[in-house]
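The values are calculated or read from the model by the stated rules, or taken from the named source; none is laboratory data. Every value quoted in this text rests on a predicted model; they were computed, and no experiment measured them. Virtual Cβ from ideal backbone geometry, glycine too; neighbours counted across all protein chains shown. These area figures cover heavy atoms from the full protein model, side chains too; ligands, DNA and RNA do not enter into them. Shrake-Rupley method; radii C 1.70, N 1.55, O 1.52, S 1.80 Å.
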Amino acid sequence: MAPALSHSSLCVLFITPEVHPLNKTGGLGDVSAALPVALRELKVDVRLLIPGYPQVLSGLKHKRKIAEFTAQAPFPSSTLLSARLPSGGSASVPVFVLDCPTLYQREGGSYTDAAGHDWPDNALRFGLLSKIGAILASDASPLSWHPHIAHCNDWQSGLVPAYLHFYQGKKAASLMTIHNLAFQGVFPADTVVQLGLPAASFNINGAEYYGGMSFLKAGLYYSDHIATVSPSYAREIQTAPLGFGMQGLLATRREDISGIANGIDTLEWDPATDPALVRNYTASTLAAKAANKQALQQLFGLVVDPGIPLFGLISRLTHQKGCDLLLQVAAQLTEMPAQLAVLGSGEAVLQQQLLAMAKSHSGKIAVRIGFDERLSHLIEAGADSFLMPSRFEPCGLNQMYSQRYGTPPLVHATGGLIDTVVDCTSATLADGSASGFLFLDMTPAGLLGAIRRVTLAYNNKSVWRRLKKNGMAKDFSWRSSAAGYRKIYLSLLS
Ligand code: ADP
Ligand code: GLC
């Protein structure tokens, strides 16, 4: 199956449930768009496999039907389409779309219905994605392109390594990247057999997870190698509580785990050219950043004042992100002086609470509920500082966007936030590395103390200027991380 490997022919099937700009719900969408581009620049022939959601089918031009898969219980029949991702120009990434209207073409989200409830047939939806991923990564594939590696991302592709493990023919090696261990794809025990895996795989050494089965556990158990999205998170997940029940398995596989920090798309997130900004700027034209702050204050109905530090926050509204802490510090925050602009969507209760908080502090705190890509860029540029009080954060992307936009982030010291933000101290200011603020104590007092540190620094013009410039000078491109993934791929072949 796979051709003899030369440096120009390392082939990788990148299996993912989301990709920007077609169907992004969070950072995985950004990573699935940008990492493959960087890998292709390193001459890795990486191609995506994604489900044919309505936005995917309507967002891709020039689709060609290249294979058909007949129904095989419990999976309905499906078709494989070939296209190229809309971004990236002539370097755009080839993508295989798994078109199965019964499973993917419906109103609602990629994983949930319009009311936010998981689709009841998610095991089947992502079982099929995994099954077809495994077929394409084996000598049972109907295609002439044969990958050396099946690179799986999160639980939705977690059964690929399991299907490959039990397949007797020639097959690719598998790499499982954990973007978030909190999402585990847990289903009833009999799902294992329903989806065509041997009953024996329902085992503590296999897909079994506290009496049910877990797509992610299967991926972690059967994959040839495991990666996660920052070195700190790679350590954190090997113990409780951030191992979320998988710490035992992960600790036994510690030699097979690599922590590679995500990069960012430096073309899409560039304050010098970003079309969503009111005025573009660079590190040497930082004064122009102020126009974005003014626009943001106006848009959000905040008091328009260039002198008040404005905090921005963009987030999925879940327990992970710690936005509930804001509710407890809102009153003190608005006494400071300080302002807050929030963009988020997620848990209904949190949405309501944040809206109520904004109502009680109008002019000082404003909240937009929804998912708005363009507005997220303006917040990165218009805010003075960016808040990420995440309880845990495998990597996080916004803190990197913030530094690139001269908007020093304030982050909880966890996971990838530790690896990508340098706390502002006299030592780090002196050596030119300070780029933001970290706080250890995940309590309202801890957050408030950190907010005070930011406002103090903000009022020291020279310190604030250095922080912004240090962050803007950092290299957050995918170059070195993509090289890290390429190294893993090559090690799996040898
Ligand atoms: P996670 O993947 O856990 O949500 P990341 O920091 O890795 O966290 O990535 C989140 C991505 O989703 C960022 O690109 C962020 O700007 C974007 N995002 C999150 N919520 C929204 C929203 N409501 N509107 C627009 N973009 C959002
Ligand atoms: C997840 C994590 C986030 C990470 C993203 C992309 O959603 O929560 O920290 O940056 O995946 O890897």
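Of interest is the spacing of the C-alpha centroids, which for the range 221-279 and the range 103-135 amounts to 24 Å. The range 421-494 and the range 1-80 have their alpha-carbon centroids 32 Å apart. In this view, the solvent-accessible surface of R279, computed with a 1.4 Å probe and all protein chains in place, comes to about 130 Å².
Taking 0.36 nm per residue of sequence separation and removing the Cα-Cα distance, the T443/D139 pair yields an extension gain of 104.1 nm. Look at where the Cα atoms of the range 371-416 and of the range 160-216 average out, and the two centres are 34 Å apart. Spatially close Lys pairs in the range 286-472, defined by Cα atoms under 28 Å apart and a spacing of eight or more places or different chains, total 20. Straight-line reach from K43: taking Cα to Cα under 30 Å and skipping same-chain neighbours fewer than 8 places apart, the lysines in range are K24, K61, K63, K65, K131, K170, K171, K474, K487.
Which stretch or stretches of the range 385-419 have amide N atoms under 13 Å from the point lying 7 Å from Q294's Cα along the Cα→Cβ direction? Label zone hits: none. Looking at the chain alone, DSSP beta bridges between its own residues are antiparallel in about 30 percent of cases.
A cut-off of 5 Å between modelled amide H atoms, ignoring neighbours fewer than 5 places along the same chain, links I66 with L80, L81, S82. With the biggest extent put first, the Cα atoms of the chain measure 66, 45, 42 Å across the principal axes. Between A276 and A331, the modelled labels are 3.4 nm apart [label points 7 Å from Cα along Cα→Cβ].
Taking amide H atoms as placed 1.01 Å from N in the peptide plane, the amide H of G436 lies under 5 Å from those of V422, C424, each 5 or more residues away in sequence or on another chain. Given their separation in residues at 0.36 nm each and the Cα-Cα distance between them, Y167 and Q72 gain 32.6 nm when the chain is fully extended. Note on A200 and A283: their simple-model spin labels are 5.8 nm apart, each label 7 Å out from Cα toward Cβ. Between rounded, prolate and oblate, where does the range 316-414 land on the alpha carbon gyration tensor, with a ≥ b ≥ c its root eigenvalues, rounded for a/c under 1.5, else prolate if a/b exceeds b/c? Rounded is the answer for the range 316-414, as its axis ratio a/c remains below 1.5. Using θ = phi - 60° in the Karplus curve 6.51 cos²θ - 1.76 cosθ + 1.60, the 3J(HN,Hα) couplings for the range 53-64 round to 5, x, 5, 5, 5, 7, x, 10, 9, 6, 7, 10 Hz; x is entered for Gly and Pro.
Rounded to the nearest 0.05, what FRET efficiency do K359 and H319 have when you use their Cβ-Cβ distance and R0 = 35 Å?
0.95
Two decimals is fine: what's Rg over Rh for the range 286-472, C-alpha atoms, Kirkwood radius as Rh? Let's see the in-between values first.
Working: Rg = 14.9 Å, Rh = 16.1 Å.
Value, to two decimals: 0.93.
Once the gyration tensor of the Cα atoms in the range 443-494 is diagonalised, the equivalent ellipsoid follows with semi-axes of 39, 18, 5 Å, ordered largest first. Given in Å, the Rg to one decimal and the Dmax to the nearest whole number for the Cα atoms of the range 374-447 are 12.0, 37. Here the range 110-172 is treated as an ellipsoid with the same Cα gyration tensor; its semi-axes, largest first and in whole Å, are 26, 10, 10.
Taking 0.36 nm per residue of separation and subtracting the Cα-Cα distance, full extension of the segment from K474 to S58 would add 146.1 nm.
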